[in-house]
1. Using a cut-off of 15 Å between beta-carbons, work out the net charge of the residues near Lys239 (Lys and Arg +1, Asp and Glu -1, Lys239 not included).
2. About its Cα centre, what dipole magnitude does segment 39-176 give when the only charges are +1 on Lys and Arg Cβ and -1 on Asp and Glu Cβ, stated in debye to the nearest 20?
3. Strictly over 21 Å apart at the Cα level, which of Lys130/Lys183; Lys107/Lys129; Lys83/Lys113; Lys40/Lys117 would you flag in this model?
4. Can you check what the net charge comes to around Leu108, using other residues whose Cβ is under 11 Å from the Cβ of Leu108 (Lys, Arg +1; Asp, Glu -1)?
5. How charged is the neighbourhood of Leu295? Take every other residue with its Cβ under 10 Å from the Cβ of Leu295, and add Lys/Arg as +1 and Asp/Glu as -1.
6. With a ≥ b ≥ c the root eigenvalues of the C-alpha gyration tensor of segment 179-309, is it rounded (a/c under 1.5), prolate (a/b larger than b/c) or oblate?
7. How would you classify segment 67-129 from its alpha-carbon gyration tensor, with a ≥ b ≥ c the square roots of the eigenvalues: rounded for a/c under 1.5, else prolate if a/b is greater than b/c, otherwise oblate?
8. Taking the Cβ of each residue in Phe173, Phe78, Phe219 as the centre, tally the other Cβ atoms inside 10 Å and list the residues starting with the fewest.
Amino acid sequence: MKKLSLKWHDARRALSLSKYLVAGAAVLALGQTAFAQTAKIQVVAAENFYGDVAHQLGGDRVDVTSILSNPDEDPHLFEASPKTARALQHASLVVYNGADYDPWMAKLLNASKNNAKRTIIVAADLIGKKSGDNPHLWYDPATMPAVARAVATALETADPANKTAYDANLAKFLDSLKPIDAKVAELHGRYAGVPVTATEPVFGYMSDAIGLAMRNMRFQLATMNDTEASASDIAAFEKDLREKRVHVLIYNSQATEALTKRMLKLAQQSHVPTMSVTETEPAGKNYQVWMLSQLDALSAALAAGQANTGTTQ
């Protein structure tokens, strides 16, 4: 009887232990599920405006690292570092511009062994741009809707449980671009065909959407490609400013070349209105606010330019 009692107690202990083990396994499984649900999707964007879009779509479900994010630095002078490469190690989603704007990102990805495990979005590929085209794609009104849709799809693939949230964020983002489109349409109606010039084609796609008559393209391309503008192109640019043949000078405030500064100074001396644009999204602004603020600045400059030249539109 004693033996049976011992076996009965052993059985009770075994049953009790099995219950603890099952309960422990359940807690562990719940913990792992909770971790899977709370783990953020790692996103790396070459430029901070693409990172901004990813953050607007992903919210607190994404952890975004933007490599180019300082509006006071010239992006053309950027060189990738080991820190840049480390940022890519754990990224499951990478977004970059393409069209030779950020060739360092393509090189880093080519050297990476993790590409099979990540989604790579290239803005240029989405809108059919290639090497040799104007690479400042974020000023093209067609770019951000295409990038946003691609990012939303990538997030839904990585985290299908939150598809409804990503769809809602995408719809909200696309709706938030409507004021930009409306402002472009308004400016097109008032200023299409008005002659303007620029130190380089940063704002080129937006200028085309508005219908402005852009002058001195050879000078602009030389500046963008870091080559020397010809004497005749420089003279033509200066003549446009001195004789007020253009209503506005658009300049890249992140570029510090002597010739850019010279043209800006000449415009100011000739009382040609100027408008500053940047290649990097300013701190404290999202993409939508940034674009609208620049369009408002352009509107004011164009109005002043018309007053200077005595023309009406």
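1. Numbers: positive: Arg215, Arg218, Arg242, Lys244, Arg245, Arg262; negative: Asp233, Glu238, Asp240, Glu243.
Residues near Lys239 contribute +2 overall.
2. Working: 13 positive and 17 negative charges, 134 e Å.
Dipole about the Cα centre, nearest 20: 640 debye.
3. Numbers: Lys130/Lys183 28 Å; Lys107/Lys129 19 Å; Lys83/Lys113 17 Å; Lys40/Lys117 16 Å.
Among Lys130/Lys183; Lys107/Lys129; Lys83/Lys113; Lys40/Lys117, the Cα-Cα distance tops 21 Å for Lys130/Lys183.
4. Net charge around Leu108: +1.
5. Here the charged neighbours net out to -1.
6. Note, shape of segment 179-309 comes out oblate.
7. Oblate shape, in that a/c is at least 1.5 and b/c is the bigger or equal ratio.
8. In increasing order of surrounding Cβ atoms, one gets Phe78, Phe173, Phe219.
Throughout, read-outs are computed from the coordinates displayed, never taken from laboratory work. Note that the structure is a prediction, hence the values are computed from the model and not measured. No Cβ is skipped: glycine too gets one built from the backbone with ideal geometry, and neighbour counts run over all protein chains shown.
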